[in-house]
Amino acid sequence: MKKYFIKYTIEFFVIFLGISVSFWINEWNTNRINSFKQLYYLEGLKSDLEKQISAFIKITQNSKSTIENAESILEDFSSTGNLWSIDSINFKLSRLMYTRTYPDITTTFNELKSTGEFDLIKEKSLSSSTIKYYQNSNNYQQRHRSNIEVVYYAEIFPIIKSSIIAQPSNFGYKNEKIMLNDNLKAQFKNQLNDQKNVFDIVNAISLRIIVSMTNQNYIEIMKDEAELLLSDINNEIILLKD
């Protein structure tokens with residue numbers, strides 16, 4: 001009897017130990033896979049944020065250039081009261097037609113959202129701040145887009161477009177044989193000397209400044225938030241790799 005008791009006891013512990021080791025190995029393997037996934041997603045978020053910050057900087061530079069150009073036209077107009085007399089007026093007005101869309105770089109965030117794997121990011125405050133950042137980014141993207149579509153394209157772009165000679169060289173296309181300015185100079189002068197047109201053009205330029213300044217403010221807010229989130233993600237990546 002004692003012999004069987006010892007035998008069954010040993011078998012029980014062997015089975016128990018085998019199951020425990022199996023569970024431990026499975027848990028260790030799951031944690032290892034999740035750690036790799038977490039690092040994969042954090043590296044992806046880092047890459048997306050770096051690209052977005054770079055795009056934010058380019059948009060800010062473009063906005064500042066647009067504002068300076070528009071201000072120079074209004075300053076010259078304030079001094080002379082005449083658009084036609086402003087140096088390189090066609091080129092300056094043409095440059096006001098450039099605009100940039102909000103950089104929607106959300107590849108990794110969308111993957112996390114679609115797979116529901118936000119829990120893989122162990123630092124809960126980082127997970128929460130990531131979700132909050134992309135919610136804020138989407139909010140400012142909608143505002144930015146609204147200003148472009150509702151104000152710029154609807155109210156400003158048509159006036160500027162109808163007030164210039166669309167000389168290809170003003171938009172980066174080089175062809176010395178295309179000299180539209182010479183042939184359309186008289187009509188262009190009449191366009192800029194017509195008082196009603198002048199009123200509309202000056203208002204359009206002023207609105208262009210307002211839209212650019214407003215959208216630039218949105219971009220700078222999100223750039224600051226992106227840099228803070230990027231710093232937190234970099235710190236978490238360093239901890240995971242140590």
*Find out how many positive minus negative residues lie around residue 58, taking Lys and Arg as positive, Asp and Glu as negative, among other residues whose Cβ is under 14 Å from that of residue 58.*
+2
*In nm, give the distance between the simple-model label positions of residue 232 and residue 162, each being 7 Å from the Cα along the Cα-to-Cβ direction.*
4.9
*What nm value, rounded to one decimal, do you get for the distance between residue 221 and residue 145 when each label is placed 7 Å out toward the C-beta?*
1.7
_Cα-Cα separations in the range 182-242 greater than 16 Å, expressed as whole percent_ = 69
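Subtract the Cα-Cα distance of residue 155 and residue 62 from 0.36 nm times their separation in residues, and report this length gain in nm to one decimal. Show your work: numbers first, answer last.
Details: separation 93, 0.36 × 93 = 33.48 nm, distance 2.01 nm.
The span from residue 155 to residue 62 would gain 31.5 nm if fully extended.
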*So between residue 203 and residue 51, what do we pick up on full extension, going 0.36 nm a residue minus the alpha carbon distance?*
51.2 nm
_If I model a spin label at residue 107 and residue 75 as a point 7 Å from the Cα along the Cα→Cβ vector, what separation in nanometres do I get?_
4.2
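Set the bar at 25 Å for Cα to Cα. Now go through 132/223; 64/189; 46/241 and name every pair that lies beyond it.
Working: 132/223 14 Å; 64/189 28 Å; 46/241 15 Å.
Cα-Cα > 25 Å for 64/189; rest within.
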*Of the peptides 129-142, 202-215, how do they stack up when ordered by the mean number of other Cβ atoms within 10 Å, highest first?*
202-215, 129-142
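So what's the net charge close to residue 96: Lys and Arg +1, Asp and Glu -1, counting the other residues with Cβ under 15 Å from its Cβ?
Numbers: positive: 64, 92, 95, 100, 161, 208; negative: 68, 71, 75, 76, 155, 200.
With Lys, Arg at +1 and Asp, Glu at -1, the net is 0.
Bear in mind that the values in this text are calculations on the coordinates, not laboratory data. Keep in mind that what you see is a predicted model, and the values were worked out from it rather than measured. Cβ atoms come from the backbone with ideal geometry, glycine included; neighbour counts cover every protein chain shown.
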